[in-house]
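Visitor: Would you mind keeping the following structure in view while I ask a few things?
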Amino acid sequence: MDTELDSTPSAPPRSAAPRGSASPVIYEALKQDILNLSLAPGAPLDETGLSERFGTSRTPVREALVRLVAEGLASTLPNRNTIVAMLDFASLPPYLDALTLMYRASSRLAAERRTVADLDTIRTAQARFADAVAQEEALAMLHTNRDFHLAIAAAGHNPYYTEFFARLLNEGMRLLRLYYRRFNDRLPLRYVDEHEGLIEAITAQNPDLAEALGGEHALQIVNQLQSLMAPGLGARLELK
């Protein structure tokens, strides 16, 4: 199966982090490498090699790897070695079904329950996403897109939905990176406009329209990843 991944080696050595801040710095650097696919799925995360790369002892490296494993971005093998987590393409169909449903449900609830403060948060997140798209900064697009949709989920004031949606979005960030690669990181402005349409429906407190737009927004991502999934995803499920 062609997943458009490459075996690009890890980034060159970086300067040693200031004492006491090494673990967060290592974590952030490795997370960005993983999300950007500079570290491909299955790539080894060797503590000794990483300690040399960052100019630290193995302890902050180990702490950073523990955080990456907890977030599902790295995996610990039976022999206790750590690797970049594989992309589980076998689980794509149920994952994308759940993701599509949460786009719809979160948009609908936001239209029903949002406050003025919620709208301000959503619009701020949208402005940051639009700026990242204009700058063609893929990693910034990943994070600001996530923040935008979590702001919508939070506006629904159901913490269980928000927590579940956050988990789905986090797990799908590398898939979304593949999605951006389909456009050479030049994301068409229509996807920024789709966010604006969602904001308008939520502002107008039109839950039917918000749900429909949320579903359509999710399904265009599904369509771009067509080669990685089985058909029949994101079926329209009745939420009422």
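Visitor: All but one of (1) touching an Asp or Glu at 6+ places or on another chain (Cβ under 8 Å); (2) surrounded by 20 or more Cβ atoms within 10 Å (Cβ to Cβ) hold for residue 201; state the number of the condition that does not hold.
Guide: The single condition residue 201 does not satisfy is (1).
Visitor: Still on this structure, please answer the following. Note down all Cβ pairs under 8 Å where the first residue falls in the stretch 144-166 and is assigned by TED's automatic domain parsing to the domain that holds residue 105 and surrounded by 20 or more Cβ atoms within 10 Å (Cβ to Cβ), the second is of a type in the set (Lys, Arg) and not in a helix (DSSP H, G or I), and they're at least six residues apart or on different chains.
Guide: Pairs that qualify, where the first residue is assigned by TED's automatic domain parsing to the domain that holds residue 105 and surrounded by 20 or more Cβ atoms within 10 Å (Cβ to Cβ) and the partner is of a type in the set (Lys, Arg) and not in a helix (DSSP H, G or I), are 155/114; 156/114.
Visitor: Any idea how many residues of the stretch 66-100 are of a type in the set (A, V, I, L, M) and over 30 Å from residue 221 (Cα atoms)?
Guide: First, the residues of the stretch 66-100 that are of a type in the set (A, V, I, L, M): 66, 68-70, 73-74, 77, 83-87, 90, 92, 96, 98-99.
Narrowing the set further to residues that are over 30 Å from residue 221 (Cα atoms) leaves 66, 77.
Final tally of qualifying residues: 2.
Visitor: Looking at the stretch 41-57, is at least one residue modelled with pLDDT under 95, closer than 24 Å to residue 181 by Cβ and touching a Leu at 6+ places or on another chain (Cβ under 7 Å)?
Guide: yes
Conditions (1) more than 27 Å from residue 89 (Cα to Cα); (2) of a type outside the set (Gly, Ala, Ser), marked per residue:
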{"residue": "132", "(1), (2)": "yes, no"}
{"residue": "141", "(1), (2)": "no, yes"}
{"residue": "162", "(1), (2)": "no, yes"}
{"residue": "166", "(1), (2)": "no, no"}
{"residue": "175", "(1), (2)": "no, yes"}
{"residue": "178", "(1), (2)": "no, yes"}
{"residue": "204", "(1), (2)": "yes, no"}
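Visitor: Quick test for you: out of 115, 8, 3, pick the one residue that is modelled with pLDDT of 95 or more and among the polar types (S, T, N, Q). Full working, then the answer.
Guide: Working: 8 fails: modelled with pLDDT of 95 or more; 3 fails: modelled with pLDDT of 95 or more.
Of the residues listed, the single one that is modelled with pLDDT of 95 or more and among the polar types (S, T, N, Q) is 115.
Visitor: Regarding residue 188, is this residue at pLDDT 95 or above and on the phi < 0 side of the Ramachandran plot?
Guide: Numbers: at pLDDT 95 or above: no; on the phi < 0 side of the Ramachandran plot: yes.
So residue 188 does not fit the description; no.
Visitor: Of everything in the stretch 28-39 that's surrounded by 19 or more Cβ atoms within 10 Å (Cβ to Cβ) and outside any helix (DSSP H, G or I), which residue is farthest from the chain's Cα centre (by Cα)?
Guide: Among residues in the stretch 28-39 that are surrounded by 19 or more Cβ atoms within 10 Å (Cβ to Cβ) and outside any helix (DSSP H, G or I), the one farthest from the chain's Cα centre (by Cα) is 39.
Visitor: Within the set of pairs 6 or more residues apart or between chains, which connect a residue that is among the β-branched types (Val, Ile, Thr) inside the stretch 190-212 to a residue that is modelled with pLDDT under 95 and crowded, with 16+ Cβ neighbours inside 10 Å with Cβ atoms less than 8 Å apart?
Guide: none
Visitor: Identify the single condition in (1) assigned to a helix (DSSP H, G or I); (2) under 16 Å from the mean Cα position of the chain (by Cα); (3) at pLDDT below 90 that residue 90 does not satisfy, given that it satisfies every other one.
Guide: (2)
Visitor: Sort out which residues of the stretch 121-143 are small (Gly, Ala, Ser) and surrounded by fewer than 16 Cβ atoms within 10 Å (Cβ to Cβ), and write them in order of number.
Guide: 127, 134, 140
Visitor: Next question, about the same structure. Yes or no: residue 118 of a type outside the set (Ser, Thr, Tyr), surrounded by fewer than 16 Cβ atoms within 10 Å (Cβ to Cβ), in the same structural domain as residue 198 (by TED's automatic domain parsing) and assigned to a helix (DSSP H, G or I)? Steps first, please.
Guide: Numbers: of a type outside the set (Ser, Thr, Tyr): yes; surrounded by fewer than 16 Cβ atoms within 10 Å (Cβ to Cβ): no; in the same structural domain as residue 198 (by TED's automatic domain parsing): yes; assigned to a helix (DSSP H, G or I): yes.
When the stated conditions are applied, residue 118 does not pass them.
The values are calculated or read from the model by the stated rules, or taken from the named source; none is laboratory data. No experiment lies behind these values; they were computed from the predicted model shown. Note: ideal-geometry Cβ built from the backbone for every residue, glycine included; neighbour counts use all protein chains shown.
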